[in-house]
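The values are calculated or read from the model by the stated rules, or taken from the named source; none is laboratory data. A quick note: this is a predicted structure, and the numbers were derived from the prediction, not measured. Glycine also receives a Cβ, built like all others from the backbone with ideal geometry; neighbour counts cover every protein chain displayed. For the accessible areas, the whole protein counts, side chains as well, though only heavy atoms, and no ligand, DNA or RNA atoms are used. Shrake-Rupley method; radii C 1.70, N 1.55, O 1.52, S 1.80 Å.
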Protein chains: 2
Amino acid sequence: MQHKKRHTNARRRFIKKAAVLAAAPVMIGHHPGLAKQQVLHHVFFWLKRPGSAADQKALVEGLKTLKAVPQVRQLLIGTPASTVKRDVVDNSFQVSELMYFNSTADQDAYQEHPIHKAFVEKYSHLWDRVVVYDMITV
Amino acid sequence: MQHKKRHTNARRRFIKKAAVLAAAPVMIGHHPGLAKQQVLHHVFFWLKRPGSAADQKALVEGLKTLKAVPQVRQLLIGTPASTVKRDVVDNSFQVSELMYFNSTADQDAYQEHPIHKAFVEKYSHLWDRVVVYDMITV
């Protein structure tokens, strides 16, 4: 009986914990495991050879190496989406890189990290222009 | 007994489902509940009165209403982060809005949704310029 009761309590605790975790993903604007206020770092790349699929692919591969920088909580690499054309939409870039950090200090540290510096050294010959936006979520 | 068995099976199914969801958040670049290939819609706003904290706050409040559009899987609202200044960083905007969609069709549908149209009608007098980037993750 004692054993059965412990088992039931453990199961109740697990269900409670699982329910909390299961509920999290449906919350808009919430990333489980990330700090509440997040720093977003979004970089847009314009290639020297914008029509080169090989250069685009190479840059994407290079960007993937940045996942290994410990401060990078999340990395999403993109290319222009074929949404409906509108005057306000800038789809002239070839590659984008969105990163999540826990703080501005972490973003600053990422800039100085050897893996990031190696990426710039190896791949910067591919791009003509870069625009960076750094945001903190409200 | 029949009732007890049904109850146990339902609990087992719940635990299995909860465990799958609970495991997801540790994966870098993966948003639980979102499609594998996601469409990111990032909008940057430059206000007519860039120094007005009241206008910035009003726009942020307006953007929050967009969460109610069913196609919007995730919404993050930001302001410029005080990262280290660099030539490539554009921190001249006042507010940003990042949305996740499951497809380009969903993003296009969001543009036409009455809640989005009401937002533009009510708040567009606040901004001078908007730049939009639409990406699909690779």
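Provide an ascending nm list, one decimal, of label-point separations from B:Ile115 to the equivalent residue in each further copy; define each label point as 7 Å from Cα along Cα→Cβ.
Ordered by increasing distance: 3.7 nm.
When the Karplus curve 6.51 cos²θ - 1.76 cosθ + 1.60 is applied with θ = phi - 60°, which whole-Hz ³J(HN,Hα) does each residue of region B:76-86 get, with x for Gly and Pro?
10, 10, x, 10, x, 8, 8, 6, 4, 5, 9
Residue by residue through region A:68-75, what is 3J(HN,Hα) from phi via Karplus (6.51 cos²θ - 1.76 cosθ + 1.60, θ = phi - 60°)? Round to whole Hz and write x for glycine and proline.
6, 6, x, 6, 6, 7, 7, 9
Let me cross-check B:Val131: its accessible surface, 1.4 Å probe, with only protein heavy atoms counted, in Å² to the nearest 10?
20 Å²
Mind listing the phi-derived Karplus ³J(HN,Hα) values for region A:106-123, rounded to whole Hz, using 6.51, -1.76 and 1.60 with θ = phi - 60°, and x for any glycine or proline?
Couplings: 5, 5, 4, 5, 4, 4, 8, 5, x, 5, 5, 5, 5, 4, 4, 4, 7, 10 Hz.
Rounded, prolate or oblate, given the Cα gyration tensor of region A:62-102, with a/c below 1.5 counting as rounded?
On the way: a/c = 3.87, a/b = 2.44, b/c = 1.58.
Verdict is prolate for region A:62-102.
For B:Lys67, what accessible area in Å² do you get when you roll a 1.4 Å probe over the heavy atoms of the protein chains, rounding to the nearest 10?
Counting only protein heavy atoms, B:Lys67 exposes about 90 Å² to solvent.
Could you put B:Thr83, A:Thr65, B:Thr104 in order of accessible surface area, largest first, with the 1.4 Å probe and the full protein assembly present? Please report the intermediate quantities before stating the final value.
On the way: B:Thr83 10, A:Thr65 65, B:Thr104 35 Å².
Ranking B:Thr83, A:Thr65, B:Thr104 by accessible area, largest first, yields A:Thr65, B:Thr104, B:Thr83.
When Lys and Arg each count +1 and Asp and Glu each count -1, what net charge do the other residues less than 12 Å away from B:Gln111, Cβ to Cβ, add up to? Working shown, then result.
Numbers: positive: A:Lys85, A:Arg86, B:Lys117; negative: B:Asp106, B:Asp108, B:Glu112, B:Asp134.
Charge balance in the 12 Å sphere: -1.
What residues have an amide H closer than 5 Å to that of A:Gly78, excluding those fewer than 5 places away on the same chain, when H is modeled at 1.01 Å from N in the peptide plane?
Under 5 Å from the amide H of A:Gly78 lie the amide H atoms of A:Ser96, A:Glu97, A:Leu98, B:Val138, each far enough along the sequence or on another chain.
Run the 1.4 Å probe and let me know the accessible area of A:Arg73, rounded to the nearest 10 Å².
80 Å²
Order A:Asp128, A:Asp87, A:Asp134 by their accessible area, 1.4 angstrom probe, all chains in place, largest first. Could you put the intermediate results ahead of the total?
Numbers: A:Asp128 115, A:Asp87 165, A:Asp134 5 Å².
Putting A:Asp128, A:Asp87, A:Asp134 in descending order of accessible area: A:Asp87, A:Asp128, A:Asp134.
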